[in-house]
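In what follows, a structure is listed as structure tokens, so that the remarks can point back to it.
The values are calculated or read from the model by the stated rules, or taken from the named source; none is laboratory data. Everything quoted here is computed from the prediction, not taken from an experiment. Cβ placement follows ideal geometry from the backbone for every residue including glycine, while neighbour counts extend to all protein chains displayed.
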């Protein structure tokens, strides 16, 4: 059952647009609400937040969908810190963790779609990963 539920969830967040994601969402809810009401209720409570990434450029979706940068960064620190015997004070441990993260950052990949960050920061709207075009301006330009 877990595999089927996981496949249904993947259909939601791997959808090509928000409309398809909402269809997959409705299918998931109708299939699992009776069997797992608390889990479905928890997901429904955060539905808008979970589907927010559709309002960002499509190039950013891969980075938004993953938690790997956070996990791998702190895995390195946790792995090395457990074997370090000389970091007994809080300040020496913070310095040790800082230097490990700084060193690891040299191998990080560039954020995909970083050139669109300025648009996101300034509040430009994206619909299903594509820049929203103001149709009123286009209509006015054609009329003129």
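Just one of the listed residues (21, 39, 59, 48) is part of a helix (DSSP H, G or I) and within 12 Å of the chain's Cα centre (by Cα), and it is 59. Here the condition is being out of contact with any helix residue (DSSP H, G or I) (no Cβ under 6 Å at 6 or more places or on another chain), at pLDDT below 75, more than 25 Å from residue 21 (Cβ to Cβ) and not in a strand (DSSP E or B); of 82, 92, it holds for 82 alone.
Of the numbered criteria (1) modelled with pLDDT of 75 or more; (2) in a helix (DSSP H, G or I); (3) under 30 Å from residue 19 (Cβ atoms), the one residue 75 fails is (3).
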